[in-house]
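Visitor: The structure under discussion is supplied below as structure tokens; questions concerning it will follow.
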Amino acid sequence: TVGVLPIVDVAPVHLAIEAGIFADEGLSVTPELVQGGAAAIPALQAGDLDLAYDAWPSFLIANQQGIDLRAVTDGVAATAGFTQFLATSDSGLEGDPAGLAGMTVALNTLGNIGELVLRETLSDAGLAYDDVTVVEIPFPEMGAALDAGSVDVIWASEPGVTANATTIGAITVIDSYVDDMEAFPVAGYFATAEFAAQNPNTVAAFTRAVQAAADLLNRDPERLVEVVAGYTELPLDLLEDVSFPEYRGGLDPE
């Protein structure tokens, strides 16, 4: 059982299920939706999840706090447009991150990659983190919150960027991964140290399958769109405009 989010990042897991890549490795994999690391890590500890996908800050912070986790395989690296800060079309914020001062910004979880990106974005714009009010909202609920005026800005990850631009006319305040964060290693899959030690063959098989699926998706954009359409239920014509990340597998500690 693998904790995943409803975003394009986890396409390799879904492809590996559909194409029998996991089955060829002797694995039966069930994806289970989680909001982020704050929910996934306790579920790993409780044994409700065997592995989880989340941003690397969750993994690093948990280990620093004494929760013994092991990295299994890399997930994605950032590309242009892959995640963006979005606002309403009448906000006057398009292309103006300095205008975030005094705004309420929604992240899917605090203390994670979204907060890291927000802090970097604010710093580049000459602002401090305390200049904004940050709230937690799950990715699927962000568009409705923005449209209703509950928040001023959302941090959206594809397919949420394209979906919110299409459905509510959201505009881009700024791309997330720019300057020092270009091509940033965003997230990956990890397990508890206990699970990894007790199931080395399972971990190795999962890593090989994700790597194989990532290689296929990087080479075949049409298949990628079809896979993401299958688990997000978004129309194919909308997904053709989505900015996908670079899919990765294996581990490169450096």
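Visitor: Name the pairs: first residue in the range 177-189 and closer than 28 Å to Val29 by Cβ, second residue of a type outside the set (Asp, Glu) and open to solvent by 60 Å² or more (accessible area, probe 1.4 Å), Cβ to Cβ under 8 Å, at least 6 apart or on different chains?
Guide: Filtered contacts from the range 177-189: Pro185/Arg248; Gly188/Arg248; Gly188/Leu251.
Visitor: Is the range 214-226 home to any residue that is basic (Lys, Arg), part of a helix (DSSP H, G or I), free of Cβ contacts under 8 Å to residues at least 60 places away in the same chain and at negative phi? Give the derivation first.
Guide: Of the range 214-226, the ones basic (Lys, Arg) are 219, 223.
Next cut, part of a helix (DSSP H, G or I) only: 219, 223.
Adding the requirement that they be free of Cβ contacts under 8 Å to residues at least 60 places away in the same chain leaves 219.
If we keep only those that are at negative phi as well, we get 219.
Yes; the residues of the range 214-226 include at least one that is basic (Lys, Arg), part of a helix (DSSP H, G or I), free of Cβ contacts under 8 Å to residues at least 60 places away in the same chain and at negative phi.
Visitor: Would you pick out the residues in the range 162-176 that are out of contact with any Pro (no Cβ under 7 Å at 6 or more places or on another chain) and open to solvent by less than 10 Å² (accessible area, probe 1.4 Å)?
Guide: Ser176
Visitor: Val242 versus (1) in contact with a Pro (Cβ under 7 Å, 6 or more places away or on another chain); (2) part of a helix (DSSP H, G or I): which is the lone unmet condition?
Guide: Failed condition: (2).
Visitor: Could you tell me which of the residues Ala148, Ala229 is under 26 Å from Thr109 (Cα atoms) and either of a type in the set (Val, Ile, Thr) or modelled with pLDDT of 95 or more (or both)? Working first, answer last.
Guide: Details: Ala229 fails: either of a type in the set (Val, Ile, Thr) or modelled with pLDDT of 95 or more (or both).
It is Ala148.
Visitor: Could you name every one of the helices (runs of 4 or more DSSP H) located completely within the range 1-94 that has at least 3 residues being under 23 Å from Leu224 (Cα atoms) and open to solvent by less than 20 Å² (accessible area, probe 1.4 Å)?
Guide: Values: elements: 11-18, 21-24, 37-46, 56-64.
By residue number, 11-18.
Visitor: Also: Which pairs turn up if I take residues in the range 230-254 that are more than 22 Å from Val203 (Cα to Cα) and look for partners that are open to solvent by 70 Å² or more (accessible area, probe 1.4 Å) and part of a loop (DSSP other than H, G, I, E, B) with beta carbon separation below 9 Å, at least 6 apart in sequence or on another chain?
Guide: From the range 230-254, the pairs are Ser243/Ala80.
Visitor: Restricting to the range 200-214, name every residue that is out of contact with any strand residue (DSSP E or B) (no Cβ under 8 Å at 6 or more places or on another chain) and open to solvent by 20 Å² or more (accessible area, probe 1.4 Å).
Guide: Answer for the range 200-214, where residues must be out of contact with any strand residue (DSSP E or B) (no Cβ under 8 Å at 6 or more places or on another chain) and open to solvent by 20 Å² or more (accessible area, probe 1.4 Å): Pro200, Asn201, Thr202, Ala204, Arg208, Ala212.
Visitor: Also, I was wondering about something else. Condition first: at positive phi and either more than 16 Å from the chain's Cα centre (by Cα) or of a type in the set (D, E, K, R) (or both). Can you find one or more residues in the range 179-192 that meet it?
Guide: yes
Visitor: Another question, if that's okay. Tell me, please, whether a residue that is surrounded by 15 or more Cβ atoms within 10 Å (Cβ to Cβ) and modelled with pLDDT under 90 can be found in the range 182-195.
Guide: No, the conditions are met nowhere in the range 182-195.
Visitor: Can you pull out every residue in the range 200-239 that is touching a helix residue (DSSP H, G or I) at 6+ places or on another chain (Cβ under 6 Å) and acidic (Asp, Glu)?
Guide: none
Visitor: Tell me which residues, restricted to the range 110-120, are within 20 Å of Gly81 (Cα to Cα) and either in contact (Cβ under 8 Å) with a residue 12 or more places away in the chain or open to solvent by less than 10 Å² (accessible area, probe 1.4 Å) (or both).
Guide: Selection gives Asn112, Ile113, Gly114, Glu115, Leu116, Val117, Leu118, Glu120.
The values are calculated or read from the model by the stated rules, or taken from the named source; none is laboratory data. Everything numeric here is computed off the predicted structure, so don't read it as measured data. All Cβ positions, even for glycine, are placed from backbone atoms using ideal geometry, and neighbour counts span all protein chains on display. Heavy atoms of the whole protein, side chains included, go into the accessibility calculation; ligands, DNA and RNA do not. Shrake-Rupley method; radii C 1.70, N 1.55, O 1.52, S 1.80 Å.
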